[in-house]
């Protein structure tokens, strides 16, 4: 395998992780925060758009390499900085353009394959569920702590009781009042 194909493979792998993270975050926000129902088909459209956006990013990077290469052509003087390319950089700029083009091509093929898009949605859903599960586990460990298992129980008891009075009971009272007002408005 050549340097270009290895770089393309690595670029697709990085893009895959970025797409999975984007779709995972979308799932968390839409289904958990906004209360929407998980819709695999709708998410597949979002996932496809995400993959295509990553492909467009790679295509812009490839075009930037073409432009830099054109600017470097015929320049034989000493460069004045990292991004001041010269004739001797032409081969490297061409290789980088090919790599960006290769990643974009692979991402577009991925976006056009419904099965692969659904695999991304499923992987993102699993990752989102893993986040939710880990968060619940952490909360259950803290909230399910027994006095004998917590060495700081006595020291932290006052803070927990204050939080219960000031936050939880206040929230419960406000919720109860809203429910009463809603019920009263419905009866009127």
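Looking at the range 132-140, is at least one residue at pLDDT 85 or above, closer than 30 Å to residue 28 by Cβ and in contact with a helix residue (DSSP H, G or I) (Cβ under 8 Å, 6 or more places away or on another chain)? Taking every residue of the range 132-140 in turn, at least one turns out to be at pLDDT 85 or above, closer than 30 Å to residue 28 by Cβ and in contact with a helix residue (DSSP H, G or I) (Cβ under 8 Å, 6 or more places away or on another chain). Determine whether the range 95-110 contains at least one residue that is in a helix (DSSP H, G or I), farther than 25 Å from residue 2 by Cα and assigned by TED's automatic domain parsing to the domain that holds residue 12. Looking for residues that are in a helix (DSSP H, G or I), farther than 25 Å from residue 2 by Cα and assigned by TED's automatic domain parsing to the domain that holds residue 12, one finds none in the range 95-110, hence no. The sole residue among 68, 52 that is surrounded by 13 or more Cβ atoms within 10 Å (Cβ to Cβ) and within 21 Å of residue 22 (Cα to Cα) is 52.
On inspection, residue 56 does not qualify as in a helix (DSSP H, G or I) and free of Cβ contacts under 8 Å to residues at least 12 places away in the same chain. Reported count of residues in the range 1-48, each being exposed (fewer than 12 other Cβ atoms within 10 Å of the Cβ) and either assigned to a loop (DSSP other than H, G, I, E, B) or in contact with a helix residue (DSSP H, G or I) (Cβ under 8 Å, 6 or more places away or on another chain) (or both), is 7. Checked against (1) within 23 Å of residue 3 (Cβ to Cβ); (2) in contact with a helix residue (DSSP H, G or I) (Cβ under 6 Å, 6 or more places away or on another chain), residue 91 passes all but a single condition, namely (2). Within the range 64-71, can one find any residue that is under 26 Å from the mean Cα position of the chain (by Cα) and in a helix (DSSP H, G or I)? There is at least one residue in the range 64-71 that is under 26 Å from the mean Cα position of the chain (by Cα) and in a helix (DSSP H, G or I). When restricted to residues that are free of Cβ contacts under 8 Å to residues at least 12 places away in the same chain and either over 13 Å from residue 45 (Cα atoms) or under 20 Å from the mean Cα position of the chain (by Cα) (or both), the range 106-120 contains 3. Remark: residue 76 matches the filter, which requires a residue to be in a loop (DSSP other than H, G, I, E, B), over 30 Å from residue 128 (Cβ atoms) and touching a helix residue (DSSP H, G or I) at 6+ places or on another chain (Cβ under 8 Å).
The values are calculated or read from the model by the stated rules, or taken from the named source; none is laboratory data. Source: prediction; values computed, not measured. Because the Cβ atoms are built from the backbone with ideal geometry, glycine has one as well, and the counts that use them run over all protein chains shown.
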